[in-house]
Amino acid sequence: MWRRRGTVLLFLSPWIVGFSVFFGYPLVMSAYLSFTSYDLLSSPRWIGLGNYRYLFREDPEIWTAVRNTLWLVAVLVPLQVLFAFGVATMLARAKQGAGFFRTVFYLPALVPPVAATLGFVYLLNPATGPVNTILDKLGIDGPLWFNDPTWSKPSLTLLGLWGIGNIMVIFLAAILDVPRHLTESAQLDGAGPLRRLRWVTLPTVSPVILFSVVIGVIAAMQYFTQAYVAAAVAAGQASQAGSVSTLELGYPEGSTMFYPILLYYNGFRFFQMGYASAMAMLMLGVAFALTLLILVNSRRWVHYQGAAR
Amino acid sequence: MRRRRFLLAVADHSLLIAAAALFLAPVVFILLTALMTNEQALSARLWPDPFQWSNFTEVFHQAPLWRWALNSFIYSSLATLGLLLSSIPVAYAFSRLRWRGRDAVFLVVLVTLMLPPQVTVVPLYVMWAKLDLVGSLWPLIIPNWFGDAFAIFLLRQFFLTIPEEYLDAARVDGCGELRILSTVVLRLAKPAIAAVALFSVLYTWNDFFLPLLYLSDNPDNWVASIGLSQFRSLHQVQWNLVMAATLLVMLPVIVLFFLAQKAFVEGVTLTGVKG
Amino acid sequence: MRRVTTAVVLFAAVGLALALAGVASSSKQSATAPTGGAKASATTLTIWVGWSARELKEFKKVVAEYDKKNSNVDVKVVGSIDDTKIVASLRAGQTADVISSFTSQNVGVFCKRGAWADLGPLLKQDKVDLNQFPASTRYYTEYKGYRCALPLLADVYGFYYNKKLFRAAGLTGPPKTLAQLATYAKKLTKKKADGSLDVVGYAPTFGFYQNTAGAYQPLVGAKYFDGSGKSALGKDANWSRLLRWQKGLIDYYGHGKLVKWQTGAGDEFSASHAFERGKLAMMMDGEWRVAFIAAEHPELEYGTAPMPVMGAGTYGAGYINGTIIGIPERGKNREEAWKLVKYLTTNDHALATFSNGIRNVPSTRTAARSKELKPDKNFAVFTKIFTHPKSGTIPITPLGAAHLDTFQSFLAKWQSGKASDLAGGLKEVDKQIDAKMKRAGGGGPP
C-alpha cells in the first residue's frame, strides 16, 4: 500500500507542484491583490473594495470590454462552429481530392495569429488593400473594415473563420465516424440528405459539437492577440504616427476593446495591478458561469452513444 | 435518381472549390505583396511588376529574423520537452493507477483548462519580476516542466484505451510502475505522444501574449511572433517586407505540417472525438 | 511514426543544447559586461533613446564625440525604444543606465520614487545652473518638486503649408485664424473622379499624424483643469469652440471618406508622408519635419508659420514638449551615467550639433544662441514659437498622459458623429478623468 501511494505521488508530483505554483498560488494572490492598489514599485496598499467599486460604477471602459467579449461568444463562436461543420459536411461527401481540400482548409489554422492578422489588416486596407480594390472594380464601395467601428469585429470574425481548420477536422472525423448502418437504414426508409443530417448525423455528432462550443467559448474569453495586433496596426495606418503619445484603446472607437486587452492595459501599461486583479476575478466568475451554463444545457441536446457520463 | 445524385455531387464540389479558393486567396495576396516594391505595396496594385524575389533576403538585413527564429526554437523545444517529461507520468497516474479520489482530482485538472491565463497573469508576473527573470525566456519555458493540463487530458484519454492485459503481464513479470510506463506504455502511445508534441510546438511557436508580457523590453530575446508585430513599427511599415516576413514566419509550421500530416490530423481527432 | 519521434527527439536535444549555450547568457542584464574591442578596461554605458534611422545616426555622432573625449567609458546606444518599454523597465526586466523618452507628459510616471533617480543632489553637487533651461522645459522634467529628468532638445509644433498648391489656388500667406484655415482647406481640396479624396487641404482628425487635443490646446487658450484641480474640459468654452470647428471641417469631407484617405496617406516617418508628397496641403507638425523634408523631399516648396488660432489663443504661440532624459534607479554606473547626461543636456557644442542634425530646438538658452547653429528660414519660425510666453505644454499628472486617453476615446466618437451631445459628453469625460485621478492617488497638476 505504501509503495503504491508513493508511486502515485511520485508520478503526480510535477502536476502537484505545477498546480500549486502556477495555479493555486496565483489565484489566491490575485484575489488578495484585487483588494489592494499595487504598481510594483512600492508594496501593495490595502484599499478594500475600492477596485470593485471603480470596476462596477466608474470605469468607463469596462462595460464596452464586457459587451465586446460577449459579442464574440454570441456571434463568433456560433459562426465558427456552423462554418466548420458546413465545410466538414461538404468534405465528407467529396470523392476526388479530399486530401487536397482538407489540407487547404486546415493549413490557415496553423498560421501564427500575428502573421495572419497582419496579413488580413493589410488585405483589408480601405484605401489600398486588394479586397477593396477588387470591390471597387466591381463597382462596390468597400467598407472601412478594421478602421470602421461597425466593421472591425466582423473583420476579426472573417479572420476567425479563416482559421477554423482544427474544429473542422474534428467534425470531419466525427461525421465519418457515424455508424453506416444508421445512415443506410435511414436512406432505405426514404430519408433525403437533409433529413438524414437532422435526425442521424447531428445527434451522433452532438458531443463533438458540444466540445467545439466549449473550446470556442473558452477561446473567446481569452481573445487577445488578433485584436491587439489588428487595432495597433489599423490605428497606425489611419494615423500613420510613429510614436503617438495618446493611444486609442480598442481602435476604432473602442470596438476592439475586449476584456483581456483591457486587463492587459490596466495591469501592464498603466501598472494598476490591483485593479487588473479585480478584473481577473470578475473574469474568473464569468468564465465559470458560462461553462457551467453550457454544460448544464448540453444535457438537453447532446446524445452519448454507449456509456453514459 | 442517378442524375440528381450527379448534379448534387457537382454542386457540392463547386461549393468546395469556391470555398477553397476563398481560403487560399489571402495567402496568394500576401505572396503577391511580398514580391512587390515598397511603392507598389502602398498603392492599390494587385500584381507586382517586377517580381522582387530579393525581398525575402532583404528581410534578413532589416530585422534579426534568424535571432527571432532561434529564440522561438529554444522556447518551443524546451517547453515541449518539459511538457512531455512531466505530463506523461501524470497522465499515467490518472488513467492506469487506481487510487482514491482519482476522478475528483482529474476534474480539478479539467477546471484549470477552462481558466483564462489572464486570471493568473498578474501575480505570476510579480513573481518572475521578483526572481529577476523578466526579459528572459524562462518564465515561458518553466511552467511547461510541471505538467500541462491539455497534454495530461489528451494523454490520459489515450492511455485509457490501452488494454489492461499488457500492463498486468508486465506487473506479473515484476516490473515497477515506472518500468511499465517507460517500456510498455510509451511504445504503445507513440501516436498520442507525437500529437501532443506537435500541438505543443505549434502552440509555443504561435504564442504572443506571454512573450509580449515577458520579453517586450528585451529585443535580444524576442521570439518570432513579437518580432513580426514590431517589425512594422521599427521600419516604418514597409508592407512588402512585412508580408515577406509574415510568410517566412509561417513557413516552419507549414513544413512541419507536411512532414507530420498524419500525426497532426490523428492528434486533432483524438482531442475531439475521444473527448 | 518513427520519423516523427526521431524528429521530436532531435528537436528537443538541439533546443536543449542551444539553450544551455545561449539563453543563460542573454537573459540577464548585460549592462556592465565589457564589450571588448577598442577600450579594454572601459565601463560600458547603455543608453536607450526613442530615435531611429536617420535621427538615430545623428545622435550616435554626438555620442561618438563624447566617447572619444572620455576613454574610460564605452557608450552603447539602443534606438527605437518606445514608452511601453520604458515604463515596463521601471519595474522589472532589462533596463539601461540612461534613458531618454519622447513623451515629456510621462514625467509624472517617471518621477515616482524608485523609478528614475533623483537628480537634485547630483545637480547641486556639480553646481549645474537650472536657469539655463527655459521655464517650460523645467516644468516638464520634474514632478511635485522631485526632479528626475533634464530636457534634451525640445519640440515645438507649428504650421506647414505647400506654397505650390497655395499659388495654384490663388492664396498668398498662411491663415492666421482657424476659421481662415477651414476656408483655405476647402479651397485646396481636390477630389478624384469617383468622389474619393485626392488632395486634402487640412485633415483635423484627432489621432492622425500629430493631431492631438494637447497640440491644439495653446491655440485656443483652453484650460485642462480648473482652480481646484478638477478636469475642466466641459467648463471651459474654448474646448467646445475648438471641437465644433474641427467637426465642421470633418463633416465637409465626410468622416468615412477622410478615414479612407488617411489609410492610404503614407507612414508619418517615411518618405511617403502625405504632406511631403503633396497630397496634404497644410498640416500641423513638429519642427523636426524640416529635417525630414530636407532629407527626403528637398524639392518640396513649403513654408512654415505659427498655427492659426481661435478664441483665447494668441497668434505666435504653440504647443511645446520635448525629449527628456533621466537615470533609472535600477541602472548601474550612476556616476558615469550622470556625466553623460550632464554632457548631453548642458554642453553647447553637443546640443548645437544635435540640433543641426535632427532640427530640434536647443533646450538651453546658451545653446539657442550658439554660433554653431545652422540657420534655416523655416526652422527659425519654431525657435520663435518656443520662446513665445504663451506657448505651453500639457499639465503633468501622476497618470502621465493617460487622462488624455479618456479624452481621446470621446473625441474618436465625436469626430465620427457617434457622440452628438458635446456638452454632455465633455462633462462625462471630466467625471471620468476626475475618477481616474483619484484612483491614481493624486489630484490635478502641481
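Any read-out appearing in this document is the output of simple, stated calculations on the displayed coordinates, not a laboratory observation. All of these numbers come straight from a predicted model, not from anything done at the bench. Methodologically, a virtual Cβ is constructed for each residue, glycine included, from the backbone with ideal geometry; neighbour enumeration extends over all protein chains shown.
What residues of segment C:73-97 lie in the reach of a label at C:His349, counting those whose backbone N is under 15 Å from a point 7 Å from the Cα along Cα→Cβ?
The answer is none, because no backbone nitrogen lies closer than 15 Å to the label point.
Are there any helices in chain A, counted as whole DSSP H runs, that stretch 20 Å or more along their axis by Cα and score at least 0.5 on average by Kyte-Doolittle, and if so which? Mind dumping the intermediate values first?
Values: long enough: A:2-19 (24 Å, 0.59); A:77-93 (24 Å, 1.54); A:202-221 (28 Å, 2.22); A:225-239 (21 Å, 0.72); A:273-301 (42 Å, 1.29).
What comes out of the filter, once short or polar helices are dropped, is A:2-19, A:77-93, A:202-221, A:225-239, A:273-301.
Report, ordered by chain and residue number, the aspartates and glutamates lying within cross-link reach of C:Lys436, taken as a straight Cα distance under 12 Å and ignoring same-chain residues fewer than 8 apart.
Candidates past the 8-residue exclusion: A:Glu58, A:Asp59, A:Glu61, C:Asp405.
If you put +1 on each Lys and Arg Cβ and -1 on each Asp and Glu Cβ, how big is the dipole of the protein assembly as shown around its Cα centre, in Debye rounded to 20?
Computed about the Cα centre, the dipole is about 1140 debye.
Taking the alpha-carbon distance from C:Lys176 and a cut-off under 19 Å, which aspartates and glutamates remain once sequence neighbours fewer than 8 residues away in the same chain are dropped?
C:Asp285, C:Glu287
Using 1/(1 + (r/R0)^6) with R0 = 22 angstrom and r between the beta carbons of A:Ala74 and C:Lys413, what's the FRET efficiency to the nearest 0.05?
0.40
Mind checking the full-extension length gain between A:Arg67 and A:Leu41? Use 0.36 nm per residue of separation minus the Cα-Cα distance, one decimal, nm.
That pair, A:Arg67 and A:Leu41, stretches by 6.1 nm at full extension.
With 10 angstrom as the radius, rank C:His349, C:His403, B:His61 by how many other C-beta atoms surround their C-beta, starting from the fewest. If you can, show how the numbers build up before the last one.
Details: C:His349 13, C:His403 26, B:His61 10.
Ranked by crowding around the Cβ, least crowded first: B:His61, C:His349, C:His403.
What pairs from C:Lys223/C:Lys413; C:Lys60/C:Lys124; C:Lys60/C:Lys85; C:Lys57/C:Lys85; C:Lys60/C:Lys377; C:Lys192/C:Lys235 go past 32 Å between their alpha carbons?
Among C:Lys223/C:Lys413; C:Lys60/C:Lys124; C:Lys60/C:Lys85; C:Lys57/C:Lys85; C:Lys60/C:Lys377; C:Lys192/C:Lys235, the Cα-Cα distance tops 32 Å for C:Lys192/C:Lys235.
When only Cα pairs under 8 Å and 6 or more residues apart are kept, what is the percent relative contact order across chain C?
The normalised contact order for chain C reaches 23 percent.
Collect residues whose amide H, placed 1.01 Å from N in the peptide plane, falls under 5 Å from the amide H of C:Val309; neighbours closer than 5 in sequence don't count.
C:Thr177, C:Leu178
Given an 8 Å cut-off on Cα distances and at least 6 residues of separation, report the relative contact order of segment B:64-234 as a percent.
Reported relative contact order: 42 percent.
Pop a pseudo-label 7 angstrom from the Cα along the beta-carbon direction at both B:Leu186 and C:Ala295 and give the gap in nm to one decimal.
5.8
Taking loop as defined by DSSP and a crowding limit of 10 other beta carbons within 10 Å, which GluC sites (Glu not before Pro) in segment C:253-327 fit?
Sparse-neighbourhood loop GluC sites (Glu not before Pro): C:Glu299.
Of C:Thr103, C:Thr43, C:Pro218, which is farthest towards the positive pole of chain C's charge dipole, taken about the Cα centre with +1 and -1 on the beta-carbons of Lys, Arg and Asp, Glu respectively?
Towards the positive end, the residue furthest out is C:Pro218.
Helix B:118-130 sits at what angle to the longest principal axis of chain B, using alpha carbons and giving 0 to 90 degrees rounded to 10?
That works out to roughly 90 degrees.
Take the Cβ-Cβ distance between B:Leu113 and C:Val128 as r, set R0 to 56 Å, and report the resulting FRET efficiency rounded to the nearest 0.05.
After rounding to 0.05, the efficiency reads 0.40.
Restricting attention to segment C:249-332, which chymotrypsin sites (Phe, Trp or Tyr not before Pro) occupy a DSSP loop and are surrounded by at most 15 other Cβ atoms within 10 Å?
none
With a ≥ b ≥ c taken as the square roots of the eigenvalues of the C-alpha gyration tensor of chain B, please select rounded if a/c is under 1.5 and otherwise prolate if a/b is larger than b/c or oblate if it is not?
oblate
Helix C:377-387 sits at what angle to the longest principal axis of chain C, using alpha carbons and giving 0 to 90 degrees rounded to 10?
Between the helix axis and the principal axis of chain C, the angle is about 80 degrees.
In nm², what is the average projected area of the convex hull enclosing the Cα atoms of the protein assembly as shown?
The directionally averaged projection comes out at 45.5 nm².
Hey, quick one: spin label on C:Arg113, modelled 7 Å out along Cα-Cβ, who in segment C:140-182 has an amide N within reach, i.e. under 19 Å?
Within reach of a label on C:Arg113: C:142-149.
Would you look at the GNM of chain C, springs on alpha carbons closer than 10 Å, and say which of C:Gly392, C:Gly318, C:Gly145 moves the most?
Between C:Gly392, C:Gly318, C:Gly145, it is C:Gly145 that shows the largest mean-square fluctuation.
Separation of segment C:196-258 and segment A:1-49 by C-alpha centroid, Å?
Here the answer is 49 Å between Cα centres.
Taking R0 as 35 Å, what FRET efficiency do you get between A:Arg269 and C:Lys230 from their Cβ-Cβ distance, rounded to the nearest 0.05?
On the way: r = 25 Å, r/R0 = 0.71.
My answer for the efficiency is 0.90.
Below 8 Å, C-alpha to C-alpha, sequence gap of six or more: please give me the relative contact order for segment A:60-301 in percent.
The value is 28 percent.
For the residues B:Leu198, C:Leu122, B:Leu259, C:Leu411, what sequence is obtained by ranking on other C-beta atoms within 10 Å, fewest first?
Fewest to most other Cβ atoms nearby, the residues stand as B:Leu259, C:Leu122, B:Leu198, C:Leu411.
Quickly work out the A:Leu135-to-B:Leu15 label distance, labels modelled 7 Å from Cα along the C-beta direction, and quote it in nm with one decimal.
Each label point lies 7 Å from its Cα, and together they span 2.5 nm.
Where both residues lie in chain C, what percent of DSSP beta bridges are antiparallel, nearest 5?
Looking only at bridges with both residues in chain C, the antiparallel portion is about 70 percent.
Modelled label-to-label distance, A:Leu293 and A:Phe100, 7 Å Cα→beta-carbon offset: nm?
For the pair A:Leu293/A:Phe100, the computed spacing is 4.5 nm.
Please give the helix C:237-253 orientation as an angle from the longest Cα principal axis of chain C, in degrees from 0 to 90, rounded to the nearest 10.
On a 0 to 90 degree scale, this one is about 80.
Let me spell out the model: positive unit charges on the Cβ of Lys and Arg, negative unit charges on the Cβ of Asp and Glu, origin at the Cα centre of chain C. What dipole size does that give, in debye rounded to 20?
460
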